[in-house]
Amino acid sequence: MPKEELNCEKLRQILEMERMQKIRKNRLLTEIEPDFYSNLMSYLNKLQTTFEEEYKINPTSAKTMLLRDELNRAKTLSENLFEIREEKVVMATLSAIKGGKPDLKFMVNEEKMLYRHLLNVLKENREQIFSTELEIKPAHKTVPLNEHKPRPGYTVVRVMDNLSFVGSDEKEYNLILNDVVSLPNDTALLLCKTGKAKEMNIY
């Protein structure tokens, strides 16, 4: 039996079947010919060429108008059909990445290529996100005033503001208002001069 050539009516029928599957919440693709997309492009290109040739002869003839209408309708049907099938391919990919086993039997080669590409992108993205380890630096801990012991080269101060800085001892300090902490003499002196800290006398 010879294969039926593509035309607007055939495209409309395929589109209606795809839409019915979607309305029924069935994400399966309907069966199309393996070479459907190449045949579709040939049909559209041939229709475009025929229209352009007729337009050159008589841009206002009835035949030109009919060809123009058929071309526009064919393009609209093709785009709508592609979008629905594309959406189903995307949903199949999301199902697979979550551990599902989508039915791929009615995917043609072009759609299988899209499916595999999307699946690889999603897998790589997940691996990159979930393999990233966040480096959390512990904040400098302050201790109660009575536990501070003066050390050579250090001054005990009370912090007068929320501060985050690296001292001259190359340690990171994350302090809040009224924290009491031992700081290198030069760092403590700078903070005291700028009103950010107040020296404490520890005996």
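Any read-out appearing in this document is the output of simple, stated calculations on the displayed coordinates, not a laboratory observation. The structure presented is a predicted model; accordingly, all values stated were derived computationally and were not measured. Every residue, glycine as well, gets a Cβ built from its backbone with ideal geometry; the counts of neighbours run over all protein chains shown.
Across the cross-link table entries Lys101/Lys123; Lys10/Lys46; Lys22/Lys123; Lys10/Lys88; Lys75/Lys101; Lys10/Lys63, which are compared at the Cα atoms, the separations over 24 Å belong to Lys22/Lys123; Lys75/Lys101.
Counting only alpha carbon atoms, the long axis of helix 109-130 and the longest principal axis of the chain meet at about 10°. Build a GNM of the chain with springs between Cα atoms under 10 Å apart, and of Leu67, Leu183, Leu29 the one that fluctuates most is Leu183.
Comparing Ala92, Ala62, Ala188 in a Gaussian network model of the chain where C-alpha atoms under 10 Å apart are linked, the largest mean-square fluctuation is found at Ala188.
A cut-off of 5 Å between modelled amide H atoms, ignoring neighbours fewer than 5 places along the same chain, links Met160 with Asn178, Ala197, Lys198. Please work out the FRET efficiency for the pair Glu79 and Ser131, using the Cβ-Cβ distance as r and a Förster radius of 41 Å; give the result to the nearest 0.05. It comes to 0.55.
Which length gain, in nm to one decimal place, applies between Ser42 and Leu177 when the Cα-Cα distance is subtracted from 0.36 nm times their residue separation? Intermediate results must be reported in sequence, preceding the final value.
Details: separation 135, 0.36 × 135 = 48.60 nm, distance 7.49 nm.
Between Ser42 and Leu177, full extension yields an extra 41.1 nm.
Computed from these coordinates, which is percent of Cα pairs over 32 Å apart: (1) 16; (2) 26; (3) 56? Working out percent of Cα pairs over 32 Å apart from the coordinates points to (3). Run lengths n ≥ 4 of DSSP H only: what is the helix-derived mean residue ellipticity at 222 nm for the chain, with -39500 (n - 2.57) per run over all residues, to the nearest 500? Helix contribution divided over all residues of the chain: -18000 deg cm²/dmol. With R₀ set to 30 Å, the beta-carbon distance separating His117 from Thr49 gives a calculated FRET efficiency near 0.40. Once the Cα atoms are used to define both axes, helix 62-97 deviates from the longest principal axis of the chain by about 40 degrees. Here the extension length gained between Asp103 and Asp169 equals 17.4 nm, from 0.36 nm per residue of separation less the Cα-Cα distance.
For the options Asp69, Asp161, Asp35, a Gaussian network treatment of the chain with springs between C-alpha atoms closer than 10 Å singles out Asp161 as fluctuating the most.
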